Amino acid sequence: MGFRQNPVSYSLVAVSLALYGVSLALPTAVCGDLKSYRGYEVLEIGLFGLLTLDPRWFANIGYGVMVVSALRISSDKAWIATFWAVILATPTLFIPFLGCAAMDHPEWSEALGPGAYFWIAAIWVAALAVLIRPSYLPE
């Protein structure tokens, strides 16, 4: 018995990447003027969130680390990235975020569009892929 990658982890990474891609294309933030912004627009505007100390944008960096880590057999940093990405992304369900652009300045979102749920699901699925990635399987 050897130490190999769990094939389910690869499938979960593929599902996670698909969810993330869908999240970028769908409306994610609904704003005061009832205009909605797609995920890729919120990702761009989200950089303003760093200026206001809203750390959720960093969940995207953690997501990238999780995806790469889930495809590798051993990575000590995977647990750290997984923990922080999940902790930073999940509050989006309860706390408004800077995802709306009014003229030159960002505004807080008033509601979530379906893209936000796909984004959070992508992070949780990637976290699951990291959790099950190493396993002892017969060679």
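The values are calculated or read from the model by the stated rules, or taken from the named source; none is laboratory data. All values derive from a computational prediction rather than experimental measurement. Every residue, glycine among them, receives a Cβ derived from its backbone with ideal geometry; neighbour counts consider all protein chains shown.
Summary of values
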{"item": "Residue selected from the stretch 17-36 under the condition assigned to a strand (DSSP E or B) and not small (Gly, Ala, Ser), by the criterion modelled with the highest pLDDT", "result": "27"}
{"item": "Residues within the stretch 37-53 that are at pLDDT 70 or above, outside any helix (DSSP H, G or I) and either in contact with a helix residue (DSSP H, G or I) (Cβ under 6 Å, 6 or more places away or on another chain) or buried (at least 21 other Cβ atoms within 10 Å of the Cβ) (or both), tallied", "result": "1"}
{"item": "Cross-chain or 6+ apart pairs with Cβ under 9 Å, the stretch 109-131 first and closer than 16 Å to residue 60 by Cβ and assigned to a helix (DSSP H, G or I), then of a type in the set (Asp, Glu) and at pLDDT below 90", "result": "none"}
{"item": "Residues of the stretch 58-110 classified as hydrophobic (A, V, I, L, M, F, W, C), modelled with pLDDT under 80, surrounded by 19 or more Cβ atoms within 10 Å (Cβ to Cβ) and under 16 Å from residue 39 (Cβ atoms), total", "result": "3"}
